[in-house]
Amino acid sequence: MIGVLMYDSVSTEGHKISYIYNDIASSIIKYGGTIVPIYINDYDSALNLIDKCDGVIIQGGDTFNDKHLRIVNYLYDENIPTLGICLGMQMMGVLFNGKLGNIDNHKSNLNYVHEVNIDKKSLLYKIIKEDKIMVNSRHKNYLISTDLDMVAFSDVCEAIESKKRVFFLGLEWHPESMIAYDRVANIIFEYFIEGCIYGFK
């Protein structure tokens, strides 16, 4: 049971909607997970659903607010396995005294955009067993600082994690959009989903 925090938007017909990206959903399903949409505007109901989940993904998006941060704080406090992607990583970082900056040259639709260097002492390195990888990139903000461990870099921070939790990892790029062609993206989702199902080692 993999929870996914949903974001609010408006459909082309003007209807209010909450959404999960198809790439996130298909990546969860590929490795045996069941998707649990988490509607964050009802905090108590969101927590009830999260408590039934084996792990949670904080997907990418455009903006976040205090409701999102309260949920992320709950995930951390309850030691619920959490994978944050792009905006999700930024939320995780901000929650722990993080500061964000703006960036213009990290938005691209290319499959590979730049290299990322990974700390060999990190959980991320343990998962993928590589200290240099190529990633995609489509974000307008970046994490300048945080009290979490900053463990991967290009010209900005690309990954954060907490060694105090079973799995609390944030990635600035979008591995879910690389599943069709990238080995590392598949390793990350396989490790996370299988860890949620069978336990992390």
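The values are calculated or read from the model by the stated rules, or taken from the named source; none is laboratory data. Keep in mind the model is a prediction, meaning the values are calculated, not measured. We place every Cβ from the backbone using ideal geometry, glycine too, and count neighbours over all the protein chains shown.
Taken over region 126-145, residues that are over 20 Å from S177 (Cα atoms) and in contact with a strand residue (DSSP E or B) (Cβ under 6 Å, 6 or more places away or on another chain) amount to 4.
The criterion of at least 3 residues that are farther than 22 Å from K107 by Cα is met by the following helices (runs of 4 or more DSSP H) wholly inside region 1-95: 22-30, 43-51, 66-77.
Of all residue pairs spaced 6 or more apart or on separate chains, those with beta-carbon atoms under 6 Å, a first member in region 19-48 that is free of Cβ contacts under 8 Å to residues at least 24 places away in the same chain and within 17 Å of G88 (Cβ to Cβ) and a second member that is polar (S, T, N, Q) and not in a helix (DSSP H, G or I) are Y19/S9.
What number goes with the only condition from (1) farther than 23 Å from I2 by Cα; (2) buried (at least 23 other Cβ atoms within 10 Å of the Cβ); (3) among the hydroxyl-bearing types (S, T, Y) that T146 does not pass? Failed condition: (2). Of all residues in region 97-107, those satisfying the criterion of being exposed (fewer than 13 other Cβ atoms within 10 Å of the Cβ) and in contact (Cβ under 8 Å) with a residue 12 or more places away in the chain are N97, K99, G101, N102, D104, K107. Within the span defined as region 38-56, one or more residues are surrounded by fewer than 18 Cβ atoms within 10 Å (Cβ to Cβ), in contact with a Leu (Cβ under 9 Å, 6 or more places away or on another chain) and at negative phi.
Select from region 10-28 the residues that are under 16 Å from the mean Cα position of the chain (by Cα) and among the β-branched types (V, I, T) and write down the one among them that is modelled with the lowest pLDDT. Across region 10-28, the extreme among qualifying residues is I20.
Candidates V151, V94, V135, V156: the one that is without any contact (Cβ under 8 Å) to a residue 40 or more places away in the chain and aliphatic (A, V, I, L, M) is V151. With respect to the conditions (1) surrounded by 16 or more Cβ atoms within 10 Å (Cβ to Cβ); (2) among the hydrophobic types (A, V, I, L, M, F, W, C); (3) farther than 19 Å from S26 by Cα; (4) in contact with a strand residue (DSSP E or B) (Cβ under 9 Å, 6 or more places away or on another chain), I188 lacks only one, and its number is (3).
Taking region 96-118 as the range and being farther than 19 Å from L169 by Cβ and either under 14 Å from the mean Cα position of the chain (by Cα) or part of a loop (DSSP other than H, G, I, E, B) (or both) as the test, the residues that pass are I103, D104, N105, H106, S108, N109, L110, N111, Y112, V113.
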